[in-house]
Structure formats: structure tokens, C-alpha cells
Amino acid sequence: MARSIKLGVLGSGSGSNMQAILDAIDAGTLNAEIVIVLSDNPDGYILERARRAGIPAGVIDCGGFMSKFPDEKQAEAAQRLKEAGVELVCLAGFMRLVKQPMLDYFPQRILNIHPSLLPAYPGLMAWKQAVKDGATESGCTVHYVDAGMDTGPIIKQVRVPVLADDTSESLHERIQVAEHKLYPEVITNVAIGL
Ligand code: GRF
């Protein structure tokens, strides 16, 4: 069995993917510990989930910028992650573009989960893009993060069919079911190689 790995999670919203990681840890299928959770959204439910699980949690204050992740805030967040002993960073619904200098602190050690079969539908609300486009298939992707928008090397994908009567919401719900299995599984495999 691989040694336990220290994870840091960055999110902005509900945190259901972080919950899936926690559930896998509790179930013993993922040998890891989430040592810190950071959110750029002080109201994100991910912070509440972290507090309930007794995980140190904090806010990344981006000073009123809606989507920009200023360099000094990236460096500050990276330092907080390093101080917590994080070995692998998991983006879980984090709505800002991570790039340098954060990438320099964690080279090849930042993962993201995206709700489409990349390279199709990068960016925001990929499930809406798929339905609008009339796609018959979508899915989810876990990839390493590089400086682009959802462009990093793909680790694993799961296909999810788009049903004839799907709304963007119903598709996203089914994609999330797939995400919650995929992300802990990929983290387990990546951790073995660290
Ligand atoms: C997920 O669909 C993820 O793929 C995308 O944002 C959503 C986050 O959901 N990046 P949650 O906060 O994990 O519930």
C-alpha cells in the first residue's frame, strides 16, 4: 500500500468532489489526508464541509477581482499549501485560472477535474456547452494543470452519454456522479507515483 499523501484542495463552490475524496479516504480506498482547503469564495459550501470534517480551511481574498487570480495571491496561496505540508494540489471546482507562480511551487503536482471530455468544451459550464451544441456524449476529465485553460496533460476520462431529454442540469448531475468516482481513483494512482 502506498504511503499516505498530503492533499491540499482549492475550490469555489459546493465541494462535492472534495467530499468524494474525503469519502474515499474514510472508506480506505484512498490513502491520503486533506490537510488544508482554500476557497476564493467565502460563502462556498466547500468551506463548511471542511470545517465539519475538522480540516483547516481558509479564504483566498482576491480583492474584488471576479475571475483574476493575482500573482501575489497565487504565491500566498501556494505558501499556505506548502506550510501545511501539501504534496499534491487538487482543484475541485476552483473558478480561477491557476498559473505561474503557483505552478512553480507545485510542478506536475496540481490536478483538476473538468466536466467534459477535454479538449472538448474547456472553460465555464461545460455541461451547458455540450447540451447547447447537441452533443450525444460528454463526460469528465482529470488532468494535470498547466498555464492554459483546461489544457494540461490528460490523465483519465470517463464518458457520459447525453440523453435526448437531458437539460444542462440533468447532464451535469450525471457527470458529477462520474466525477465522484473518477477523481479519488486518479488521485490514488497519481499518489503511487509520487
Ligand atoms: C465540477 O463539475 C467540476 O468538474 C467543475 O466544477 C464542478 C465543481 O463541483 N470544475 P463541486 O464544487 O465539486 O461540487
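Taking the chain, how much of its Cα-Cα pair set, in percent, is spaced more than 20 angstrom apart? Don't jump to the answer; show the numbers that get you there.
Values: 9948 of 18721 pairs.
I get 53 percent for the Cα pairs in the chain exceeding 20 Å.
So what's the net charge close to residue 161: Lys and Arg +1, Asp and Glu -1, counting the other residues with Cβ under 15 Å from its Cβ? Net charge in that neighbourhood comes out at -3. Give the residue from 138, 188, 93 lying farthest towards the positive end of the charge dipole for segment 91-194; charges sit on Cβ (+1 for Lys and Arg, -1 for Asp and Glu) and the dipole is referred to the Cα centre. So the residue furthest toward the plus end is 188. By the rule of a C-alpha distance below 19 Å, with chain neighbours fewer than 8 residues away ignored, the lysines paired with residue 68 are 99.
Nearest 20 debye, what's the magnitude of the dipole of segment 1-114 about its Cα centre given +1 on Lys and Arg Cβ and -1 on Asp and Glu Cβ?
Details: 12 positive and 13 negative charges, 27 e Å.
That gives a dipole near 140 debye.
Bridges between two residues of the chain, per DSSP, are antiparallel at a rate of about 40%.
Per residue of the chain, the DSSP helices (runs of n ≥ 4 H) give a summed -39500 (n - 2.57) that works out to -11000 deg cm²/dmol at 222 nm.
At 1.4 Å probe size, with the rest of the protein present, what percent of the exposed accessible area of segment 5-192 is carbon and sulfur atoms? Don't skip to the end; give the middle numbers.
On the way: 4710 of 8770 Å².
That share works out to 54 percent.
In this Cβ point-charge picture (+1 for Lys and Arg, -1 for Asp and Glu), segment 146-187 has a dipole of about 220 debye about its Cα centre.
Based on protein heavy atoms only, the chain ends up with 48 Å² per residue of surface accessible to a 1.4 Å probe.
The values are calculated or read from the model by the stated rules, or taken from the named source; none is laboratory data. Remember, it's a predicted structure, so these values are computed and weren't measured experimentally. Cβ coordinates were reconstructed from backbone atoms using ideal geometry, including for glycine residues, and neighbour counts include every protein chain displayed. Keep in mind that these areas ignore ligands, DNA and RNA; they rest on the heavy atoms of the full protein, side chains included. Shrake-Rupley method; radii C 1.70, N 1.55, O 1.52, S 1.80 Å.
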